[in-house]
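Written below as structure tokens is the structure these notes are about.
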Amino acid sequence: MRRPFIAGNWKMNLDRAAVVELAKALAEKAASFADVEIAVFPPSVYIDAVREAAAGTPLGYGAQNFYHEANGAFTGEISAAMLLDLGCDYVILGHSERRHILGETDADVNKKVHAALAAGLVPIVCVGELLSEREAGQTNEVIRAQFDGSLAGLSAEQMTGVVIAYEPVWAIGTGRVATPEQAEEVHRELRKLLTDRYNGHVAESVRIQYGGSVKASNAAELLAKENVDGALVGGASLKADEFLGIVAAAHR
């Protein structure tokens, strides 16, 4: 059985004091949900603060992005080695905001995926369609193209170290949420893509999170679906009680 994975993407929010307060509140409760993998993704300047707050607890943490090169003249960028030096286990790659606001391509994401795996980081690779693409009936086509491009060149063994997050762009930060049936349909398609490219074992091993206006009030219904293995949570992860309510929904 795939272990549920609930991740909180704090995006460009909070100050240091708020980060410490939130991380401590989550760290104190993390051990109560031993069957759920829990991680948070603060702004990079506060990763060290989260490390201190989470020390000695099951609360994991990671980065919202990094650069694929090991080092060099890349002003403003952060390397995998730097993240490891801060104790990170995870990194989010290809989030829709980086794709659609900051112009990242599937090829960019793919370089980062390979670099993350080589460094020993677990990449959470995001895929998802725009509202116009869903309305045009292109959801599966878009998902397939992002899957093929962002995850190109991975061996079966490497693929089992990846987490996929399905994020319908039209549901991120909008208050709109895919129905459990819509989420399950895309997650099932992703599972089929894994089977077709690799095999049934890989398809059954890879966890697929749902992201897009997930809240404590709708998490249980989403997480009850067979192919929904967790959630990548945005705004709701900024409030300890709300985020822990989502974690509780994943608790078996």
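Once you put a point 7 Å from the Cα of Lys239 and another 7 Å from the Cα of Ala17, both along the Cβ direction, what distance in nm separates them?
Those two pseudo-labels are separated by 2.1 nm.
In square nanometres, what is one fourth of the surface area of the convex hull spanned by the alpha carbons of region 178-235? Show your work: numbers first, answer last.
On the way: hull surface 14.8 nm².
Reported value for the Cα convex hull: 3.7 nm².
Could you list the square roots of 5 times each eigenvalue of the Cα gyration tensor of region 5-250, that is, the equivalent ellipsoid semi-axes, sorted largest first and rounded to whole Å?
25, 22, 17
Could you quote the convex hull projected area for region 1-66, Cα atoms only and averaged over all directions, in nm²? If you can, show how the numbers build up before the last one.
Values: hull surface 18.1 nm².
Its Cα hull, projected and averaged over all orientations, spans 4.5 nm².
Helix-only estimate, please: 222 nm mean residue ellipticity of the chain, summing -39500 (n - 2.57) across DSSP H runs of length 4 or more and dividing by its residues, to the nearest 500.
About -12500 deg cm²/dmol.
Could you check the simple spin-label distance between Ser44 and Ala220, using points 7 Å along Cα→Cβ, in nm with one decimal?
With each label placed 7 Å out from Cα toward Cβ, I get 4.0 nm.
Among the aspartates and glutamates, which fall within straight-line cross-link reach of Lys111, defined as a Cα-Cα distance under 15 Å, with same-chain neighbours fewer than 8 residues apart omitted?
Candidates past the 8-residue exclusion: Glu69, Glu77, Asp148.
Which part of region 176-216 falls in the paramagnetic zone of Leu131, meaning amide N under 16 Å from the point 7 Å along Cα-to-beta-carbon?
176-179, 212-213
Restrict the search to region 75-175; then list the GluC sites (Glu not before Pro) that DSSP places in a loop and that have at most 16 other Cβ atoms within 10 Å of their Cβ.
On the way: sites: Glu77, Glu97, Glu104, Glu129, Glu133, Glu135, Glu141, Glu157; in loops: Glu77, Glu104, Glu129.
Within region 75-175, the qualifying GluC sites (Glu not before Pro) (loop, at most 16 other Cβ atoms within 10 Å) are Glu77.
Compute the distance from the alpha-carbon center of region 233-252 to that of region 1-78, in whole Å.
Using only Cα atoms to place each centre, the spacing works out to 14 Å.
What is the spin-label model distance, in nm, from Asn140 to Met82 if the labels are put 7 Å beyond Cα along the C-beta direction?
Result: 4.2 nm between the two label points.
Every number here is computed from the coordinates shown, using simple stated rules; none is lab data. Being a predicted model, the structure only gives us computed values, none of them experimental. Please note: Cβ atoms are built from the backbone with ideal geometry, for glycine as well, and neighbour counts cover all protein chains shown.
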